[in-house]
Amino acid sequence: MKRVCFAVLFLATLLIMGCGSMATQTKQYKDLDVFLANRNIDGLITQIEAQKGKAYKEKDMVLYNLDLGMLYRYKGDYVKSTAHLDEAERLMEEFYTKSLSKGAASLLLNDNALDYFGEDYEDIYTNVFKAMNYLQRTSLDSAFVELRRVNDKLSFLEDKHQKIKQEYSKSDDKKLEFEVGSNQFSNSALGRYLSMLAYKAEGKPYDANVDYKKIEEAYKIQPEIYKNKMPEIRDPLQKDLGPTLNVVALVGKSPQKKARQVHIKTLANQIVIVYVDKSVEDRTISWPGINPNLYFKFALPYIVNEESPVGKVRAIIDDGAQTVELNKIEDIGDVAVHTFKIKEPLIYTKSITRSVVKGVAAAIAKQKVDDEVSNPIAAAAAKIAIDAGVAATENADLRTSRFFPNDVLVAEIPLPEGDHKVKLEFVSKDGVTTLYSEEYPAVKVTPKNLSLVESWYIQ
Amino acid sequence: MKKLFIILSLVLLLALTACGPNRNVQRVSTDQTTDLSGRWNDTDSRLVAEEMVRDLLTRPFVGNFTSKNGRPPYVIVGTVKNLSSEHIATDVFVKDIERELLNSGTVRFVASRSDRDDIRDERLDQQSQATEESAKRLAAEVGADYMLQGSIKTIIDRVEGVQAKFYQVDMQLINIENNLTEWMGNKSIKKVVSQRGYKL
């Protein structure tokens, strides 16, 4: 009896001790809204950096670098931003490779305990924002490298998860077939837009025109991602284009992951999946050999597109001589939601397998407690410890970077050559309140070079 | 009970040993091939430069030029565009080519645009600061006969965790006076990068 009690307590302690790794940490984002409302990026950077090794463990270093990479961008330190985003990209590749080798063995582990190798949208937009950093530093060649990577990654999105599917399928605990969702996102309008700007700055209107056509194509063939009207962009082959000011605004909170509670009830040789919020219909799956009347709980992550308080962004040129409203070119939130669906079936099957295998093991352990522990208080305590241990390891992995914008808005404004005063205003949804405005006293607009102004409002 | 403690100690020992520093630095020869990430590296740069120069020197135009003009051709290196999806230090690659060609003794190089600006500043400075005998003449530079240009492109294919990377390096030598292309060289490198991952 002593042995059973000790083993159960030891197991529970181990699980609870490991809870830090079993749940998504949020300490590093304390008072995030206050920092952002005050545009206190230095304060946020200090807070984030202080959490290295604490809330951001080794397995979370992709997030650490993504968060810092984006914060340094907002600060205007494009060199540091690129360094962090480079490191994030390197780690995404390394952790992904590592996850393949752990594949079958990691099937029963909570995702929170594994190295986070980033969501697909994070992987893609890391390169997009690096390209924007290079454009800000007028390093066109380097911007092109990043934009080519965006296209490479988009071509292989599905394949990335197919490999993980194969690894999971090798597990001895596999009871269900693993599937991967299909990808409909193969062309980023924002990526193409940046490429078009870079080609125009290089004096290559024909190459820029190829990207212009790709933007049109992105809107035409991916309506589930590009729901809005394509922004007004002039064809680079159009005659008399003249000097142009390009304005980019990053708006809205980063897409976030939330947990959906799911219950499993067992019948003889079957399990029934029940979504607590009834967002999905109950589903019965065959599970040969499973006993009836067992009950397990787990949580599944899903991504939500956060609503922004910004209704519109306008650029006011030369104290009101011209006012132009920016239009959305990319909804990063929609891309996040869409690309998450590629791996969602994998997470779903993995989570069900894990909770059933662990739940069955816990049921056996509790039966053993009933059989061997005569003291009812000790037996109850042991069973509570088992349940607590199982519940603690069934949290959804809600890790995701916090500082990507939700939307990217752009405008192309033809202007006479020379210095221009530019003011960007972020206006509330009711059109009454100016939430934030930023002034650029002298933006040089020339026929040859890229004139790019960028601002953000991500709270 | 005892058994459990032994297991626990073993797990802890294993965990602790796995956490310890594990860096090992080894000095190797600079011409040793070290393919770590599968990306473009010093070995690629060296191999492509050697191959390009070997190809260039076996063509008749260098010999023809030398016998016609009584001197080797003067070459300037233009831009080698990185059209790949990797950040490649093209200047390192260009220096590899310059060095190989210069050491072959068959061509001479004119300093690149950025290097020339430094030299010109120095020459101007000499006009007021150096002695008359030692100050170098203005407007006595040698004009290049040819410009070497090129590009590096990549094609990437990927399936089931295996990545095939195809690098294509194209170089051309253009006659500066008449824009005729005198030579075109091409070297391709193919690498297969398997994502088998780490064994723990």
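Name the residues in the stretch B:150-162 that are in contact (Cβ under 8 Å) with a residue 60 or more places away in the chain and crowded, with 17+ Cβ neighbours inside 10 Å, would you?
Those that are in contact (Cβ under 8 Å) with a residue 60 or more places away in the chain and crowded, with 17+ Cβ neighbours inside 10 Å: B:GLY150, B:ILE152, B:THR154, B:ILE156.
Of the conditions (1) within 14 Å of another protein chain (Cβ to nearest Cβ); (2) within 30 Å of B:GLY63 (Cα to Cα), B:ARG158 clears all except one; give me its number.
So B:ARG158 meets the others, but not (2).
For A:GLY191, which of the numbered conditions (1) within 28 Å of the chain's Cα centre (by Cα); (2) assigned to a loop (DSSP other than H, G, I, E, B) fails to hold?
(2)
Output the residue which, of all residues in the stretch A:220-261 that are touching a Ser or Thr at 6+ places or on another chain (Cβ under 9 Å) and basic (Lys, Arg), is nearest to A:LYS297 (Cα to Cα).
For the stretch A:220-261, the residue satisfying everything is A:ARG260.
Could you tell me whether any residue of the stretch B:137-153 is away from chain A (no Cβ under 14 Å), in a strand (DSSP E or B), over 21 Å from B:ALA89 (Cα atoms) and among the β-branched types (Val, Ile, Thr)?
no
Can you tell me which residue within the stretch A:72-103, out of those that are within 15 Å of A:GLU119 (Cα to Cα) and among the charged types (D, E, K, R), is surrounded by the most Cβ atoms within 10 Å (Cβ to Cβ)?
For the stretch A:72-103, the residue satisfying everything is A:GLU89.
Tally time: how many residues in the stretch B:47-77 are over 14 Å from B:ILE152 (Cα atoms), buried (at least 18 other Cβ atoms within 10 Å of the Cβ) and modelled with pLDDT under 90?
Number satisfying all stated conditions: 4.
If we keep just the residues of the stretch B:124-160 that are farther than 26 Å from B:ASN69 by Cβ and among the basic types (Lys, Arg), which is modelled with the highest pLDDT?
B:LYS153
Name, by its number, the condition in (1) outside any helix (DSSP H, G or I); (2) surrounded by fewer than 21 Cβ atoms within 10 Å (Cβ to Cβ) that does not hold for A:PHE178.
All conditions are met except number (2).
Can you name the number of the only condition in (1) farther than 30 Å from A:GLU89 by Cα; (2) of a type in the set (A, V, I, L, M, F, W, C); (3) within 14 Å of another protein chain (Cβ to nearest Cβ) that B:VAL94 fails?
(1)
Any residue that is under 19 Å from B:PHE109 (Cα atoms), within 14 Å of chain A (Cβ to nearest Cβ) and in a strand (DSSP E or B) - is there at least one of those in the stretch B:80-88?
Yes: the stretch B:80-88 contains one or more residues that are under 19 Å from B:PHE109 (Cα atoms), within 14 Å of chain A (Cβ to nearest Cβ) and in a strand (DSSP E or B).
Take A:PHE144 and tell me if it is at pLDDT 95 or above and either crowded, with 24+ Cβ neighbours inside 10 Å or within 10 Å of chain B (Cβ to nearest Cβ) (or both).
yes
If A:TYR206 meets every condition in (1) within 14 Å of chain B (Cβ to nearest Cβ); (2) more than 26 Å from the chain's Cα centre (by Cα); (3) not in a loop (DSSP other than H, G, I, E, B) apart from one, which number is that one?
Among (1) within 14 Å of chain B (Cβ to nearest Cβ); (2) more than 26 Å from the chain's Cα centre (by Cα); (3) not in a loop (DSSP other than H, G, I, E, B), A:TYR206 violates only (1).
Would you point out the residue of the stretch A:93-141, among those that are among the hydroxyl-bearing types (Ser, Thr, Tyr), out of contact with any helix residue (DSSP H, G or I) (no Cβ under 6 Å at 6 or more places or on another chain) and within 14 Å of chain B (Cβ to nearest Cβ), that is farthest from A:SER171 (Cα to Cα)?
Selected residue: A:SER139.
Collect the residues in the stretch A:16-58 that are modelled with pLDDT under 80, surrounded by 12 or more Cβ atoms within 10 Å (Cβ to Cβ) and within 14 Å of chain B (Cβ to nearest Cβ), keeping them in residue-number order.
A:GLY18, A:SER21
With respect to the numbered conditions (1) buried (at least 17 other Cβ atoms within 10 Å of the Cβ); (2) away from chain B (no Cβ under 14 Å); (3) closer than 24 Å to A:ASN327 by Cα, which one is the sole condition not fulfilled by A:SER171?
(3)
The values are calculated or read from the model by the stated rules, or taken from the named source; none is laboratory data. Predicted model only: the values in this text are computed from it and were never measured. As a convention, Cβ positions derive from the backbone with ideal geometry for all residues, glycine included, and neighbour counts pool all protein chains shown.
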